[in-house]
Number of protein chains: 2
Amino acid sequence: MSGSSTGLLTDQYEFTMLEAALRSGAAERRSVFEVFARRLPEGRRYGVVAGTGRLLHALAEFRFGDDELAVLQRAGIDRRTLDWLAAYRFTGDVDGYAEGEAFFPGSPILVVEGTFAEAVLLETLALSILNFDCAVASAASRMTCASSGRPCIEMGSRRANEQAAVAAARAAYVAGFAATSNLEAARRYAIPSTGTSAHAFTLLHDSEQEAFAAQVAALGPGTTLLVDTYDVEQGVRNAVAVAGRALGAVRLDSGDLVAQAHDTRRLLDSLGNDETRIIVTSDLDEYAIAGLAAAPVDGYGVGTSLVTGSGAPTAGLVYKLVARESTSGGELVPVEKRSVGKASHGGRKWAVRRYEGGTAAEEVVGRVADGEPVEGRQMLVPLVRGGEVVGAEPVEAARERHGRSRGELPPAARQLSKGEPVVPTTYL
Amino acid sequence: MSGSSTGLLTDQYEFTMLEAALRSGAAERRSVFEVFARRLPEGRRYGVVAGTGRLLHALAEFRFGDDELAVLQRAGIDRRTLDWLAAYRFTGDVDGYAEGEAFFPGSPILVVEGTFAEAVLLETLALSILNFDCAVASAASRMTCASSGRPCIEMGSRRANEQAAVAAARAAYVAGFAATSNLEAARRYAIPSTGTSAHAFTLLHDSEQEAFAAQVAALGPGTTLLVDTYDVEQGVRNAVAVAGRALGAVRLDSGDLVAQAHDTRRLLDSLGNDETRIIVTSDLDEYAIAGLAAAPVDGYGVGTSLVTGSGAPTAGLVYKLVARESTSGGELVPVEKRSVGKASHGGRKWAVRRYEGGTAAEEVVGRVADGEPVEGRQMLVPLVRGGEVVGAEPVEAARERHGRSRGELPPAARQLSKGEPVVPTTYL
């Protein structure tokens with residue numbers, strides 16, 4: 001089972017807690033855990049939910065076969081707990097913000113309800129997936145805002161862990177990226193993939209012109225030629241000489257991209273290649289993309305900054321017990337810790353996004369026990385019911401939803417400058 | 001094959017380059033690619049090589065079965081290239097800095113020699129693994145420096161992609177961490193794992209004392225009790241009341257850790273628990289660890305900051321063609337691009353670390369074609385020969401090596417303040 005089980009992508013303390021709770025008799029208490037961010041990364045105006053689809057898939061593989069149980073036994077977990085785990089299947093409910101939605105501090109983006117035993121085990125898996133994917137999607141959304149409709153291409157695989165890279169490609173796609181360079185993401189999520197050549201290909205040949213001729217012979221004149229290996233102007237001339245008017249694009253990967261984009265556009269036009277596009281890469285982030293808004297650029301390739309969350313490589317989401325069955329059974333009792341700086345709001349909650357004139361104006365979070373939700377859009381949707389995934393959807397659906405969700409935010413959401421979240425959160 | 005093949009953890013452009021090179025006839029030219037960092041993250045004094053063992057494992061799985069070929073065909077790769085890939089095995093040589101070594105700007109930490117076709121395909125896989133693992137190990141090494149022999153425990157899984165978390169645990173262990181919370185890392189790499197309980201366990205029970213009693217009943221009095229859910233002083237008193245003098249440790253996870261550590265030590269001693277240790281967690285980084293040096297703390301749990309490279313989530317390593325066979329065959333010709341700000345040093349190289357009085361004094365990098373290496377320690381060791389892995393070793397070996405390699409650096413390596421690399425790199 002080790003090939004596909006996600007059961008050990010987990011912190012050991014979840015199993016020691018399980019062991020102790022099975023012993024104390026508290027393991028079967030119905031419990032509610034909530035995933036939320038205490039704050040957004042400094043200055044960010046909104047966060048983006050991503051990873052939900054991956055989490056639902058991982059949840060279905062969260063089980064314990066002989067291999068997993070042997071590891072747990074070596075870690076000191078007792079026989080009773082191992083037997084319980086051998087039969088484990090999550091049988092509870094999960095609600096959450098639909099993938100692609102914007103979120104704010106305190107938004108309960110995932111709510112897991114089940115016995116303590118079955119729900120406590122999901123903490124690390126849920127947080128690992130959501131923290132990384134939300135971090136990438138939140139950065140990606142700023143980039144696709146800044147690019148104002150020009151396509152952004154994800155090419156950060158080399159600057160992320162090899163499996164994180166696949167998740168990053170997916171998260172970027174959710175947040176509006178047009179394509180990825182990552183082939184495993186293309187396979188796993190049917191995301192459009194793209195790629196042409198690197199400097200090594202030019203250097204392999206005896207001249208730039210020879211390299212361009214080889215690329216065009218294989219990929220056709222509609223390909224993108226990388227023109228900055230030696231000298232950009234000569235590179236553009238060589239590209240046009242080889243590919244002619246049908247040349248698809250040139251790529252600039254170094255130097256002053258604004259100046260080069262203008263120079264290259266003029267040169268291409270003067271050579272009759274006014275249909276040839278200009279793609280820029282080279283350590284772009286949302287600020288560099290915005291800085292190129294007035295330059296004649298047709299697409300952006302984004303790597304490092306995207307897969308590292310543009311300064312916020314994790315979303316800071318936590319998984320907290322907010323309510324559990326009382327000793328007498330039945331009723332859910334709100335619980336909250338009082339740790340300094342880390343206090344939580346107890347109780348199972350609803351979340352409503354209120355609108356004014358079609359624009360999101362307030363995120364209202366209230367306790368289910370205190371009464372009906374206020375008027376507005378209910379943010380929590382069913383993802384799992386009785387252990388069965390009910391919220392699976394193609395990644396395209398999350399991508400479209402993100403466009404709608406971002407479109408409803410106040411205009412300040414599109415500002416890259418630091419500021420407060422554009423929608424305030426109110427706890428009722 | 002899709003379960004274990006690493007063949008698609010790759011950027012598409014490597015396959016389009018392959019296709020074009022197969023067509024131009026340049027694919028079979030012997031080529032040398034080099035992995036190096038142009039610079040260290042701002043202010044860092046040294047980097048740490050990690051991930052080499054993972055890369056050697058991934059290399060052995062780098063092949064293309066029907067599943068992978070179908071994805072490549074959909075991406076537009078031609079039949080000739082697909083046939084070539086179906087038979088692909090890397091048959092070249094790889095040398096590198098042994099895992100755990102310190103490195104500096106320009107250090108050729110990996111050198112791949114083979115045909116262009118077989119070596120160009122490894123770019124993304126090699127960089128993904130090395131960039132992430134080196135970033136984590138480089139941060140981890142600063143933390144284990146700052147902790148001055150007190151154990152550091154890796155517990156960052158929840159703040160990293162779920163698979164990256166496993167790699168992070170391994171990289172931290174290479175750089176001197178004592179254990180991890182991650183069970184998959186315990187399985188995959190036989191790293192010691194640890195874990196006890198979270199706030200949720202306390203909140204699950206009707207009182208803190210009841211929760212502590214449940215934990216001690218299951219895990220014994222030698223366990224670590226988390227004492228900051230409600231009030232630290234009362235928590236410590238409850239812990240001692242339940243576990244007695246045999247209480248293993250208490251954990252502080254919030255607030256002013258320096259003051260709390262002192263208060264808690266005094267309280268524990270006054271209760272007769274002078275053998276009970278104090279473990280601190282809560283967004284620690286190397287600076288916070290250093291700030292606790294004078295506090296009575298016995299161990300550090302480190303999460304977010306570790307798995308995100310403490311401000312440098314990727315190591316900035318690049319994979320560059322530095323030499324390839326000339327048109328007439330035989331001889332290797334140095335190649336280097338002249339892109340603004342990204343110029344490279346061509347030619348296959350040796351690397352020697354020179355010492356003065358037992359302390360590393362200079363990293364000398366020279367071209368093999370220009371003559372014998374200078375005197376000192378040869379840094380490149382054989383990892384792969386003719387496609388066969390010859391450099392595999394247990395992760396313990398890398399961990400021990402890191403201790404030795406760091407021990408040879410000038411004292412300034414232990415400073416956390418920003419500065420220049422402690423060993424200058426000289427290109428001969």
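Details
- Cβ-Cβ contacts under 6 Å between residues 6 or more apart (or on different chains), taken from a first residue in the range A:285-307 that is of a type in the set (D, E, K, R) to a second residue that is assigned to a helix (DSSP H, G or I) and crowded, with 19+ Cβ neighbours inside 10 Å, are listed as A:ASP285/A:SER305; A:ASP285/A:SER310; A:GLU286/A:ARG142; A:GLU286/A:MET143; A:GLU286/A:ALA146.
- Test: residue in the range B:164-171 that is without any contact (Cβ under 8 Å) to a residue 12 or more places away in the chain and of a type outside the set (D, E, K, R): no
- Unique residue being in contact with a strand residue (DSSP E or B) (Cβ under 7 Å, 6 or more places away or on another chain) and open to solvent by 30 Å² or more (accessible area, probe 1.4 Å) when the list is A:ASP66, A:ASP93, A:ASP83: A:ASP93
- Number of positions in the range A:1-38 that are among the aromatic types (Phe, Trp, Tyr) and under 26 Å from the mean Cα position of the chain (by Cα): 2
- Residues located in the range B:274-289, provided they are at negative phi and open to solvent by less than 40 Å² (accessible area, probe 1.4 Å): B:THR276, B:ILE278, B:ILE279, B:VAL280, B:THR281, B:LEU284, B:GLU286, B:ALA288, B:ILE289
- Number of residues in the range B:233-260 that are among the small types (Gly, Ala, Ser), modelled with pLDDT of 95 or more and under 36 Å from the mean Cα position of the chain (by Cα) equals 3.
- In the range A:124-161, the qualifying residues are those that are charged (D, E, K, R) and open to solvent by 10 Å² or more (accessible area, probe 1.4 Å), and the one that is farthest from A:MET17 (Cα to Cα) is A:ARG150.
- Pick from the range A:162-178, criterion open to solvent by 10 Å² or more (accessible area, probe 1.4 Å) and farther than 30 Å from B:HIS57 by Cβ, ranking: farthest from the other protein chains (Cβ to nearest Cβ): A:GLY176
- The residue that is least open to solvent (accessible area, probe 1.4 Å), counting only those in the range A:179-194 that are part of a loop (DSSP other than H, G, I, E, B) and at the interface with another protein chain (Cβ under 7 Å from one of its Cβ atoms), is A:SER181.
- Looking only at the range A:45-63, and only at residues there that are crowded, with 17+ Cβ neighbours inside 10 Å and among the charged types (D, E, K, R), the one that is nearest to B:ALA218 (Cα to Cα): A:ARG63
- Of residues in the range A:317-349 being open to solvent by 20 Å² or more (accessible area, probe 1.4 Å), assigned to a strand (DSSP E or B) and in contact (Cβ under 8 Å) with a residue 24 or more places away in the chain, the one farthest from A:TYR46 (Cα to Cα): A:GLU325
- Filtering the range A:62-106 to residues that are closer than 25 Å to A:GLY316 by Cα and out of contact with any Asp or Glu (no Cβ under 9 Å at 6 or more places or on another chain) leaves A:PHE62, A:GLY96, A:TYR97, A:GLU101.
- Of all residues in the range A:352-367, those that are of a type in the set (Val, Ile, Thr), without any contact (Cβ under 8 Å) to a residue 40 or more places away in the chain and either over 15 Å from A:ASP95 (Cβ atoms) or open to solvent by 50 Å² or more (accessible area, probe 1.4 Å) (or both) total 0.
- If the condition is being of a type in the set (D, E, K, R), at the interface with chain B (Cβ under 8 Å from one of its Cβ atoms) and in contact (Cβ under 8 Å) with a residue 60 or more places away in the chain, then the range A:1-40 contributes A:ASP11, A:GLU14, A:GLU19, A:ARG29.
- For B:ARG159, the test of being free of Cβ contacts under 8 Å to residues at least 60 places away in the same chain, of a type in the set (D, E, K, R) and facing chain A (nearest Cβ under 9 Å) is failed.
- Selection from the range A:327-359 of residues that are among the small types (Gly, Ala, Ser) and more than 8 Å from chain B (Cβ to nearest Cβ): A:SER328, A:GLY329, A:GLY330, A:ALA343, A:SER344, A:GLY346, A:GLY347, A:ALA351, A:GLY357, A:GLY358
- Note on the range B:228-240: among residues that are in contact with a Leu (Cβ under 9 Å, 6 or more places away or on another chain) and open to solvent by 10 Å² or more (accessible area, probe 1.4 Å), the one that is farthest from the other protein chains (Cβ to nearest Cβ) is B:VAL240.
- Residues (closer than 19 Å to A:GLU123 by Cα, more than 8 Å from chain A (Cβ to nearest Cβ) and assigned to a loop (DSSP other than H, G, I, E, B)) located in the range B:195-227: none
- Members of the range B:228-260 found to be in a helix (DSSP H, G or I), closer than 14 Å to B:GLU208 by Cβ and either of a type outside the set (D, E, K, R) or without any contact (Cβ under 8 Å) to a residue 12 or more places away in the chain (or both), listed by number: B:VAL232, B:GLN234, B:GLY235, B:VAL236, B:ASN238, B:ALA239, B:VAL240, B:ALA241, B:VAL242, B:ALA243
- B:GLY76 being in contact with a helix residue (DSSP H, G or I) (Cβ under 9 Å, 6 or more places away or on another chain), of a type in the set (Gly, Ala, Ser), open to solvent by 10 Å² or more (accessible area, probe 1.4 Å) and within 11 Å of chain A (Cβ to nearest Cβ): yes
- Residue check for B:LEU122: under 14 Å from B:GLY387 (Cα atoms), in contact (Cβ under 8 Å) with a residue 12 or more places away in the chain and more than 9 Å from chain A (Cβ to nearest Cβ): yes
- For the residues A:PRO411, A:PRO424, A:PRO382, A:PRO394, the requirement of being within 19 Å of the chain's Cα centre (by Cα), at pLDDT 95 or above and not small (Gly, Ala, Ser) singles out A:PRO394.
- Exactly one residue out of B:ASP263, B:ASP283 is acidic (Asp, Glu), over 26 Å from A:GLN12 (Cα atoms) and either part of a helix (DSSP H, G or I) or modelled with pLDDT under 95 (or both): that is B:ASP263.
The values are calculated or read from the model by the stated rules, or taken from the named source; none is laboratory data. Predicted model, so just to flag it, every value in this text is computed and none were measured. Glycine also receives a Cβ, built like all others from the backbone with ideal geometry; neighbour counts cover every protein chain displayed. Ligands, DNA and RNA are stripped out before the accessible areas are found, and what is left, the full protein with its side chains, is counted by its heavy atoms. Shrake-Rupley method; radii C 1.70, N 1.55, O 1.52, S 1.80 Å.
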